[in-house]
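In what follows, a structure is listed as C-alpha cells, so that the remarks can point back to it.
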Amino acid sequence: MEDGQEAVGAKPFKWRTLKSQELFSFLLQHEGEWVSKEQLLDALWPEYHLDKAVVHLHTSIYQIRKALKERMQDTKLEYNLDRYRLNRNGWITDVELFERGISEWAASGSGGKPRIESLLALYRGNYLEEHDYPWAYAKREKLRNMYLACASELAREELRSGRTRQSVQRLLNLQQREPYSDDICGLLLTAYAQLGDYTAAQKHYESFVRILEDELGIEPQQVTHQLYVQLKTQTLPA
C-alpha cells in the first residue's frame, strides 16, 4: 500500500509525470465512480488558474490512456458529460482486498488466523505514504485504523489462548509502526506479565514514557499508567 493501489499480481507503473500518477491514484480511490472535471481540478490543481488547470488535466488524461494502452488494454479511462471514470474490467487492488477482507472479518467476528495473517500481510505500509496527497489523508487514516484494530485483536486472542510469545512479537512489530500507542503499550505490559518477565515490562514502560515526553511532550494515558502501577505494586522490583 505504500506506493499506491496496485492490481494484484501486477508490476507498478512507471509514470511520466507525478500528476498523471496522482490522477490515476485518485480515480482508483473512487473505485469506478464517475468523477466530475471540477472535482478533479479542485483536488489536484487547486492553485492553478482554470485554463491552466484544464491543460494539466488533459495532459495527465492523455498520459494515463497511453500507459493503459501499453500495459493494461482492458482498462479504460472513460469520459462522459464532463466526468471521468476508470473502468477496470474486473481486476482488484491490494487495497481493496485488504479493506474488504478486514471488513468481512470484523462483521463476522471470525475468519481463521491464517486468513487474517494473509490480510495483514497486504498492509506493507500506510496508504500512499510516499505521496503528500491531501485527498488521500482520510482513507489513509481509515486503513491504518483497520490494520491496527485487526492486528491488536489478533494479539489479544494470542494472549487469551496462551500464545504469549507470538503476541509479544506481534505487538513489538506493531509498536514500530505506532510508537505512541497506549493500547499497544498496555497489551505489551500484560504480555510481559504473563511471561513473568517483569523487568522487560518495566523497561518497556519507562521507554514508552521517554518517547512520549521527548517527541510529543505528553504523558501516557491514565489507564496505561494505572496498569503499570498495578503490575509494579504486585510484582515489579522497586
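The values are calculated or read from the model by the stated rules, or taken from the named source; none is laboratory data. Worth saying up front: this structure is predicted, and the values here are computed from it rather than measured. Every residue, glycine among them, receives a Cβ derived from its backbone with ideal geometry; neighbour counts consider all protein chains shown. With ligands, DNA and RNA removed, areas are computed over all heavy atoms of the protein, side chains included. Shrake-Rupley method; radii C 1.70, N 1.55, O 1.52, S 1.80 Å.
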Could you give me the ³J(HN,Hα) list for region 64-70, computed from phi with Karplus coefficients 6.51, -1.76, 1.60 and θ = phi - 60°, whole Hz, x at Gly and Pro?
-> 5, 4, 5, 5, 5, 4, 7
Long-range alpha-carbon pairs in the chain, meaning those over 32 Å apart, account in percent for 38 percent
Show me 177-186, 36-45 ranked by packing, highest mean number of other Cβ atoms within 10 Å first.
-> 177-186, 36-45
Taking a 1.4 Å probe, which of Trp34, Trp15 shows the most accessible area, and what order do the others take after it?
-> Trp34, Trp15
Measure nothing but the geometry: give the 0 to 90° angle between the long axis through the Cα atoms of 164-177 and the longest principal axis through the Cα atoms of the chain, rounded to 10°.
-> 50 degrees
What lysines sit close enough to Lys232 to cross-link, taking a C-alpha to C-alpha distance under 16 Å and skipping anything fewer than 8 places away on the same chain?
-> Lys203
Which of the residue pairs Lys69/Lys113; Lys14/Lys37; Lys66/Lys113; Lys37/Lys113; Lys37/Lys139 have a Cα-Cα distance greater than 32 Å in the structure shown?
-> Lys69/Lys113; Lys66/Lys113; Lys37/Lys113
Highest mean packing first, using Cβ neighbours within 10 angstrom, the peptides 200-207, 211-218, 63-70 sort as 200-207, 63-70, 211-218
Using +1 at the Cβ of each Lys and Arg and -1 at the Cβ of each Asp and Glu in the chain, identify which of Trp45, Ile116, Ala106 lies farthest towards the dipole's positive end.
-> Ile116
Take the Cα coordinates of region 149-238, assign each an equal point scatterer, and use the Debye formula without solvent to give log10 I(q)/I(0) at q = 0.16 Å⁻¹.
-> -0.59
Dipole magnitude of region 9-83 about its Cα centre, charges +1 at Lys/Arg Cβ and -1 at Asp/Glu Cβ only, in debye to the nearest 20?
-> 520 debye
Among Tyr127, Leu97, Ala149 - extreme Cα towards positive end, dipole of region 82-152, charges at beta-carbon | Leu97
